[in-house]
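Okay, handing you the structure first.
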Amino acid sequence: MSSGTRVLVLNAGSSSVKYQLIDMLDGSRLASGLVERIGEANGRLVHTPRSGSKRESLEVFPDHAAALKSVAEELAADGVGLDSPELAVIGHRVVHGGLRFTAPTLVTEEVLAEVRRLVPVAPLHNPANITGIEVARSLRPDLPQVAVFDTAFHATMPEHAARYAIDKAVADEHRVRRYGFHGTSHQYVSRATAALLGKDPAEINVIVLHLGNGGSASAVAGGVCVDTSMGLTPLEGLVMGTRSGDVDPGVVFHLHRVGGLTIDEIDSLLNRRSGLLGLCGDNDMREILRRAEQGDADAKLAFDTYVHRLRKYIGAYYAVLGRVDAIAFTAGVGENAAPVRAAATAGLEELGIAVDAELNSVRSGEARVISPGYARVTVAVVPTDEELEIARQAFALVHTSS
Ligand code: AMP
């Protein structure tokens, strides 16, 4: 076993790779960065070392292998290269773990084959994650690689929450069920919320609202996920930046039969051109807030639709949990957009939910309570840190399995 304390976290998307090198002694970042537009003519790598200024290189990265090779060179230039004995493990974000992967998993040929078998249920994500693992393995074949799955935290959902009410045999044949995503974030934030309250996660029930460009809610009872808003794919649930969230499945048949759209066109419409973008032409909440402030009707409608769906899920998860101790807002919108937090919780005093306007307006990168002292439910802003959670899980696995 390596005595190293560093973890390289890789999050490989279809045309991008995000990375962070984390020292587990104190959770500090030794380097971080992003390669964008892999396979396109205008690739870009932005590398942020622990000290010194950011470095940007504009070059063509023909594939993920070329991108990761450049990342390795940047790390080596900082004296924290992949060949360092300090590096203990590479942790990979893998989006879909299906029913089998409910915990962080040491990558073997057999594990990779199983992740490949899941590609039909995660065609946009798992192939890139697999490529990331393969390239990282070729760069350091001797180093343990750990896959941390976005679906894993939700594997505890009871069957009645995970099932769609469709023919059971058909669902089982095609592995159609609710898996949920953003699990690493929901796990991290639900625990960080317990820490903020000075409680053990087992003692509290939390509704986590992960509101980024993608968005999902989860109901976490005593540290265990009992429901989440995303389903077979990340399309279900909240209104998101470009995804519709919940729609009547009949909309798909209608657009196909009456609208003449192909299945691929409808897929693209609901995933890439819907949500906030579809409603008002912008998917950045900052821009929507600015436009709404100036009286723009489409921006106002987008904001109201977004908030209405959020409130529906808060109400639903209140009923699922029975008792709610905390509501945690996280990710880009959740951490930064005070008007969203205010609107999502307004008028819910009967449920013990209230937000203090002054506390809500404070800007800070720290976890913080925004509800008044008298409120039964603690409403909090809890910054997420998926990379640190992946690093922790990967590091813990190599230390317990050796
Ligand atoms: P994420 O996917 O977690 O990185 O979140 C990205 C989204 O967060 C952006 O698309 C914005 O909509 C939103 N966001 C980031 N900063 C702010 C801000 N200061 N105010 C409102 N929304 C923000």
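The values are calculated or read from the model by the stated rules, or taken from the named source; none is laboratory data. All of these numbers come straight from a predicted model, not from anything done at the bench. Backbone-built Cβ (ideal geometry, glycine too); neighbour counts: all protein chains shown. Keep in mind that these areas ignore ligands, DNA and RNA; they rest on the heavy atoms of the full protein, side chains included. Shrake-Rupley method; radii C 1.70, N 1.55, O 1.52, S 1.80 Å.
Quick check on the chain: take the gyration tensor over C-alpha atoms, sort the square-rooted eigenvalues as a ≥ b ≥ c, and tell me if it's rounded (a/c under 1.5), prolate or oblate.
Cα axes put the chain in the rounded bin.
Here is a further query. Normalised by the number of residues in the chain, what is the relative contact order in percent for Cα pairs under 8 Å and 6+ residues apart?
That works out to 14 percent.
Using a simple charge model, +1 on the beta-carbon of Lys and Arg, -1 on the beta-carbon of Asp and Glu, nothing else, what dipole does the stretch 22-141 show about its Cα centre, in debye to the nearest 20?
300
Per residue, how much accessible area does the stretch 180-249 have with a 1.4 Å probe, in Å²?
The answer is 27 Å² per residue.
Not counting ligands, DNA or RNA, and with a 1.4 Å probe, what is V355's accessible surface area in Å² rounded to the nearest 10?
The accessible area comes out at roughly 40 Å².
Still on this structure: Which ³J(HN,Hα) values in Hz, rounded to whole numbers, follow from the phi angles of the stretch 372-384 under the Karplus curve 6.51 cos²θ - 1.76 cosθ + 1.60, where θ = phi - 60° and Gly and Pro get x?
Working through the residues one at a time gives x, x, 7, 6, 5, 9, 7, 9, 9, 9, 10, x, 7 Hz.
If you roll a 1.4 angstrom probe over the protein chains with everything in place, what fraction of the accessible area of the stretch 74-115 belongs to carbon and sulfur, to the nearest %?
55
While we're here: Roughly to the nearest percent, how much of the accessible area of the stretch 209-304 is carbon and sulfur, given a 1.4 Å probe?
Looking at the stretch 209-304 in its full context, I get 54 percent from C and S.
Keeping the other protein chains in place, figure out the carbon and sulfur percent of the accessible area of the stretch 320-402, with a 1.4 Å probe.
53
Next question. In vacuo Debye scattering of the stretch 166-247, one point per C-alpha: log10 I(q)/I(0) at q = 0.13, 0.27 Å⁻¹?
Values, matching the q order: -0.46, -1.17.
Given the Cα atoms of the stretch 1-74, and with Rh set as the inverse mean 1/r over their pairs in the Kirkwood sense, what is Rg to Rh to two decimals?
1.01
Could you work out the mean projected area of the convex hull around the alpha carbons of the stretch 204-322, in square nanometres to one decimal?
8.1
So if the hydrodynamic radius of the stretch 142-202 is defined as the Kirkwood radius over C-alpha pairs, what does Stokes-Einstein give as its diffusion coefficient at 10 °C and 1.306 mPa s, in µm² per second?
114
Please calculate how many Å² of accessible area the stretch 54-120 carries per residue, with a 1.4 Å probe and no DNA, RNA or ligand atoms counted.
Here the residues of the stretch 54-120 average 48 Å² of exposed surface.
Moving to a separate point now. Give me the 1.4 Å probe accessible area per residue for the stretch 265-358, excluding ligands and nucleic acids, in Å².
In whole numbers, the stretch 265-358 has 47 Å² accessible per residue.
Which value, in Å³ per residue, describes the convex hull spanned by the Cα atoms of the stretch 237-294?
79
Mind putting a number on the dipole of the stretch 6-80 about its Cα centre? Charges go on the C-beta only, +1 for Lys and Arg and -1 for Asp and Glu, and I need it in Debye to the nearest 20.
It comes to approximately 140 debye.
For the stretch 1-158, what does the convex hull of the Cα positions come to per residue, in cubic angstrom?
About 116 Å³ per residue, rounded to a whole number.
Compare the Cα positions of A122, F61, L10 along the charge dipole of the stretch 1-151 (+1 at Cβ of Lys, Arg; -1 at Cβ of Asp, Glu; about the Cα centre) and return the one farthest towards the positive end.
A122
Ordered by residue, what ³J(HN,Hα) values in Hz, to whole numbers, does the stretch 12-29 give under the Karplus form 6.51 cos²θ - 1.76 cosθ + 1.60, where θ = phi - 60° and Gly and Pro are x?
My calculation for the stretch 12-29 gives 8, x, 5, 10, 8, 9, 9, 9, 9, 9, 10, 8, 6, 5, 9, x, 6, 8 Hz in order.
If you restrict to DSSP beta bridges whose two residues both lie in the chain, what percentage is antiparallel, to the nearest 5?
Rounded to the nearest five, the antiparallel share is 65 percent.
On to the next question. Once the piece of chain linking L58 and V119 is laid out straight, how much longer is it, given 0.36 nm per residue of separation minus the C-alpha distance between them?
Full-extension gain reported as 18.8 nm.
Let me ask something else about it. Can you tell me which lysines have their Cα less than 23 Å from the Cα of K69? Leave out same-chain residues fewer than eight positions away.
Here the lysines satisfying the reach criterion relative to K69 are K18, K54.
For a bin width of 5 Å, list the pair-distance distribution of the stretch 60-142 built from all Cα-Cα distances, rounded to whole %.
3, 13, 23, 23, 17, 12, 7, 2, 0
How large is the Rg to Rh ratio of the stretch 298-378 when both quantities use alpha carbon positions and Rh follows Kirkwood?
Radius of gyration over Kirkwood radius for the stretch 298-378 works out to 0.95.
Not counting the cut sites, what is the longest span of the chain without trypsin sites (Lys or Arg not before Pro) that DSSP labels loop and that have at most 12 other Cβ atoms within 10 Å?
55-322
With point charges of +1 on the Cβ of Lys and Arg and -1 on the Cβ of Asp and Glu, referenced to the Cα centre of the chain, which listed residue (F153, V135, P339) lies farthest in the positive direction of the dipole?
Sorting the options by dipole projection puts first P339.
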